[in-house]
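Below is one structure, written out as C-alpha cells; the observations come after it.
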Amino acid sequence: MRVERSVTIHRPVDRVFEYASTPGNDPTWVVASLRHEVLSPGPLRLGSITEEDVGFMGRRMRYVWEVVRYEPPTAFALRSVSGPLPATIRLRLEPLDGGTTNLTLIGDVQLRGVYRLAAPLMRRVARRQLRTQLGTLKALLENEASEGC
C-alpha cells in the first residue's frame, strides 16, 4: 500500500528538513507516533537506527527504523528493520521562491495477514492521517516563524 501527500510550508527548506527529520519531534506532528528516539550514537546520519512506538487503528506497535537516505535538506527516508508491517517512509523537500518549501511524504507499507484484508480501510485511515500530520507540521513551523518575528 502506498500513500502520498504534499504540503507547502512557508519556511526555508533547511528548517523544514531539520524539524521533520528529527525523530524526537515526531510525536508533535506525526499522528501515529507516541515516542521516537535515536538509538545509534552520534548525530543522525545514513545507517542510524531509531525506535518508535506507534498507535494505529487502536493498536500499539513498536518499530525499529534504519535511516536509508539522508541528504539534507532535500531527502530523508526510513525503512523498518522490525515491526508488524514492513514499511518505508520518505520525505522529499523542494525549496520554492520566498523561503517556502514543498514537502512530499510517501509511505509504502507491505500489508500482510489480516491487514491485507483491511487494505481499503487502512488506505483511507493512512491518507487521513497524512493529511492531518502535514497540516500539523505546517502549522507548527509557520507559527514558529510568526512567533519569532
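The values are calculated or read from the model by the stated rules, or taken from the named source; none is laboratory data. Fair warning: this is a prediction, and the values are worked out from it, not measured in the lab. We place every Cβ from the backbone using ideal geometry, glycine too, and count neighbours over all the protein chains shown.
Within the range 124-141, can you find the residues that are among the hydrophobic types (A, V, I, L, M, F, W, C) and surrounded by 14 or more Cβ atoms within 10 Å (Cβ to Cβ)? Give the steps one after another, and end with the answer.
Looking only at the range 124-141, we keep the residues that are among the hydrophobic types (A, V, I, L, M, F, W, C), and these are 125-126, 130, 134, 137, 139-141.
Scanning the range 124-141 gives VAL125, ALA126, LEU130, LEU134, LEU137, LEU140, LEU141.
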Next on the checklist: So MET122 ticks every box in (1) part of a strand (DSSP E or B); (2) touching a helix residue (DSSP H, G or I) at 6+ places or on another chain (Cβ under 7 Å) but one. Which box is left unticked?
Outcome noted: (1)
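Against the definition (touching a Ser or Thr at 6+ places or on another chain (Cβ under 6 Å), under 21 Å from GLU37 (Cβ atoms) and either assigned to a strand (DSSP E or B) or not basic (Lys, Arg) (or both)), how does ARG79 come out, yes or no?
On the way: touching a Ser or Thr at 6+ places or on another chain (Cβ under 6 Å): yes; under 21 Å from GLU37 (Cβ atoms): yes; either assigned to a strand (DSSP E or B) or not basic (Lys, Arg) (or both): yes.
Yes, satisfied.
So which residues in the range 1-34 are of a type in the set (S, T, N, Q), under 15 Å from ILE89 (Cα atoms) and in contact with a helix residue (DSSP H, G or I) (Cβ under 8 Å, 6 or more places away or on another chain)? If you could, list the steps in order and put the result at the bottom.
First, pick out the residues of the range 1-34 that are of a type in the set (S, T, N, Q): 6, 8, 21-22, 25, 28, 33.
Keeping just the survivors that are under 15 Å from ILE89 (Cα atoms) gives 6, 21-22, 33.
If the condition is that a residue be of a type in the set (S, T, N, Q), under 15 Å from ILE89 (Cα atoms) and in contact with a helix residue (DSSP H, G or I) (Cβ under 8 Å, 6 or more places away or on another chain), then SER6, SER33 are the ones that fit.
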Item to check | Odd one out for ARG11 among (1) charged (D, E, K, R); (2) within 24 Å of SER146 (Cα to Cα); (3) under 15 Å from the mean Cα position of the chain (by Cα) | outcome: (3)
Item to check | Evaluation of ALA32 against (1) out of contact with any Gly (no Cβ under 7 Å at 6 or more places or on another chain); (2) within 30 Å of LEU117 (Cα to Cα) (one fails), failing number | outcome: (1)
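Restricting to the range 36-69, give me the number of residues that are more than 22 Å from TYR115 (Cβ to Cβ) and either of a type in the set (A, V, I, L, M) or buried (at least 17 other Cβ atoms within 10 Å of the Cβ) (or both).
If we filter the range 36-69 for residues that are more than 22 Å from TYR115 (Cβ to Cβ), which is where we start, we get 37-50, 67-69.
Within this subset, residues satisfying the condition of being either of a type in the set (A, V, I, L, M) or buried (at least 17 other Cβ atoms within 10 Å of the Cβ) (or both) are 38-39, 44, 46, 48-50, 67-68.
Total satisfying the criteria: 9.
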Checklist entry - When you go through THR104, THR28 one by one, which is the residue that is in a helix (DSSP H, G or I), modelled with pLDDT of 95 or more, under 14 Å from LEU130 (Cα atoms) and hydroxyl-bearing (Ser, Thr, Tyr)? => result THR28
Checklist entry - Does ARG90 satisfy the condition of being within 26 Å of VAL13 (Cβ to Cβ) and either touching a strand residue (DSSP E or B) at 6+ places or on another chain (Cβ under 6 Å) or of a type in the set (Phe, Trp, Tyr) (or both)? => result yes
